[in-house]
Amino acid sequence: MGKFVGLDLGGNSINVTAFDGTSFVIEGMAELPSLVSEGPETCVSQLCAGFELALELTKWKKSEITAVGLDTPGPISADGVLCSKGATNFSDKAYWNYDLRGALAKALHLPVSFLNDGNAAALYAHWVQFKDDADKTSVSLIVGTGLGGGVVANGSVLIGKVGFAAELGHVTLPGNWYPEGIIHARCNCGKDNDLESIASLTGIELNLLPYFLQKYPDHPLSAMPINDAAKKVRGFAERQDEMCLAIFRAQTYALAAHIDQMVNVFDPDAIFIGGGVIEAKQEFREWYLENIRNSVPYREEQANLPIVVAPDGDRAGARGAALFASRKLGKPVH
Ligand SMILES: [Zn+2]
């Protein structure tokens, strides 16, 4: 089965995990600064330090490690080469077309696999629920600063031709997604009315808050700069504020309309919802999930589709990356 290290490279930190082919052997949160803004060389040496941290925590020797799994936010190729115009956390020119996976493999002298962070989190959520069952299919939607997505179809994570499969945040919403009005929304990716333009913190700031503040001009959030106000919407909603609940209700309509599309494409066994919105107070989380469930126009046969919380928020990326390394680069079991 082998021994695998997972490294989740974020804008601020690297999250580290270790997988022995059966279970994860680092329980708590193991992380270090990613220093992404200091350029590719520093970033790769931080990833190597993350690898050393995994060895220290597991007492494994480097010679015992079969492979390393790396994940980071895209857009990034299926083989871990950053996009020609950089990517979310890699705007510096030194990163354009940079082979992040290749550089780490060279530095560690070990095989390294690559997944984007949405796909890694989706693979982990799927594994927790279904382990290696090759018949199961699931869709993950992570509502954070952006909208991270992933699809595991018949047990395998979908990667696509160039590695951009399951960029679900940038799938355009159907025209009738919002039954209570018309919201003109734009996304940072350049598209209008895609899922991320509504179901993300960025969507609240760019689109939902400006739309609803017109209806509630005296709301206390109207007096604040929009980026600060957007971060406070969840707290207000948890305290039952009418406008902020309407903002999240709009997100649940958008997610339900998107899930309807996913149900008709994949006929999945489960939908996982994760991200900051799900890490809120339990009562709010339940209200959010229930509103999604109640707004999906199911066919009778699919009406019992579980729409559930994605597990282990911040650790899911590293764990999914390690799982992928074990599947792609692990030694076959005889
Ligand atoms: Zn978009």
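For Gln251, are the conditions met, namely being in the same structural domain as Pro297 (by TED's automatic domain parsing), closer than 20 Å to Ser295 by Cα, within 16 Å of the ligand (Cβ to nearest atom) and surrounded by fewer than 20 Cβ atoms within 10 Å (Cβ to Cβ)?
Values: in the same structural domain as Pro297 (by TED's automatic domain parsing): yes; closer than 20 Å to Ser295 by Cα: yes; within 16 Å of the ligand (Cβ to nearest atom): yes; surrounded by fewer than 20 Cβ atoms within 10 Å (Cβ to Cβ): no.
In short, no.
Pairs are defined by a Cβ separation below 7 Å, a sequence spacing of at least 6 or placement on different chains, a first member in region 144-168 that is more than 18 Å from Asp194 (Cβ to Cβ), and a second member that is among the aromatic types (Phe, Trp, Tyr) and surrounded by fewer than 18 Cβ atoms within 10 Å (Cβ to Cβ); the pairs so defined are Ala153/Phe266. Of the residues making up region 277-290, not a single one is under 24 Å from Asp133 (Cβ atoms) and either of a type in the set (S, T, N, Q) or buried (at least 21 other Cβ atoms within 10 Å of the Cβ) (or both).
Would region 22-30 turn up any residue that is surrounded by fewer than 18 Cβ atoms within 10 Å (Cβ to Cβ), in a strand (DSSP E or B) and hydrophobic (A, V, I, L, M, F, W, C)?
Start the filter on region 22-30 by keeping residues that are surrounded by fewer than 18 Cβ atoms within 10 Å (Cβ to Cβ), which leaves 22-23, 25, 27-29.
After this cut, where a residue has to be in a strand (DSSP E or B) as well, the list is none.
No: zero hits.
Search region 170-218 for residues being within 21 Å of Met243 (Cα to Cα) and of a type in the set (D, E, K, R), and hand back the single one that is farthest from the ligand (Cβ to nearest atom). The selected residue is Asp218.
Which residues, counting only those in region 213-241, are acidic (Asp, Glu) and exposed (fewer than 13 other Cβ atoms within 10 Å of the Cβ)? Reasoning before the result, please.
First pass over region 213-241, keeping only residues acidic (Asp, Glu): 218, 228, 238, 241.
Scanning region 213-241 gives Asp218, Asp228.
The values are calculated or read from the model by the stated rules, or taken from the named source; none is laboratory data. Note that the coordinates shown come from a computational prediction; the quantities given were computed from them, not determined experimentally. FYI the Cβ positions are ideal-geometry reconstructions off the backbone, even for glycines, and counts take in every protein chain you see.
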